[in-house]
Amino acid sequence: MTYPLQKGKEEWQAQLSPEQFRILREKGTESPYSSDFDKHMPSEGVYTCAGCDTPLYKANHKFKSGCGWPAFFDAVPGAVTRHTDRTFGMERTEIVCTNCGGHLGHVFKGEGYPTPTDERHCGM
């Protein structure tokens, strides 16, 4: 799939930290409870893509899931694209930035969180 913002590997590596590049461009995962964003709980504002600064999530959609990664129950309309991810012998829903294709994590449904969507957008 192609995305509006196109950059080569070298351009992304020059712009992003090695950890950001590993996660956003190589679909890596942070260790649980290692991100400052997991504990960051503002009442207002917007979280943006580290790759292209596109608004992705509203602060008031963030919730404490206890999973060790930042969790949101919904995204800014049109900001996130979903793909089926069949790695690791299971089927999950991967989420990426609609503008640059940066890997954001996965969406999990039906876990019983008391949120309006019963979804957990996990990662970022």
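Only the coordinates and a few stated rules stand behind these numbers; no lab work does. From a predicted model like this one, the values you see are computed outputs, not experimental measurements. Reconstructed Cβ throughout: ideal geometry from the backbone, glycine too, with neighbour counts over all protein chains shown.
Take Pro32 and tell me if it is crowded, with 19+ Cβ neighbours inside 10 Å, out of contact with any strand residue (DSSP E or B) (no Cβ under 6 Å at 6 or more places or on another chain), touching a residue at least 12 places away in the same chain (Cβ under 8 Å) and not polar (S, T, N, Q). Lay out the reasoning, then the answer.
Numbers: crowded, with 19+ Cβ neighbours inside 10 Å: no; out of contact with any strand residue (DSSP E or B) (no Cβ under 6 Å at 6 or more places or on another chain): yes; touching a residue at least 12 places away in the same chain (Cβ under 8 Å): yes; not polar (S, T, N, Q): yes.
No: the conditions fail for Pro32.
For the range 80-124: of the residues being among the small types (Gly, Ala, Ser) and buried (at least 19 other Cβ atoms within 10 Å of the Cβ), which is farthest from the chain's Cα centre (by Cα)?
Gly101
From the list Phe21, Phe73, exactly one residue is closer than 20 Å to Glu111 by Cβ, among the hydrophobic types (A, V, I, L, M, F, W, C) and in contact with a helix residue (DSSP H, G or I) (Cβ under 7 Å, 6 or more places away or on another chain). Which is it?
Phe73
Which residue pairs have Cβ atoms under 8 Å apart, sit 6 or more places apart or on different chains, and have a first residue in the range 4-28 that is in contact (Cβ under 8 Å) with a residue 40 or more places away in the chain and surrounded by 14 or more Cβ atoms within 10 Å (Cβ to Cβ) and a second that is assigned to a loop (DSSP other than H, G, I, E, B) and acidic (Asp, Glu)?
Partner pairs satisfying both residue conditions: Ile23/Glu30.
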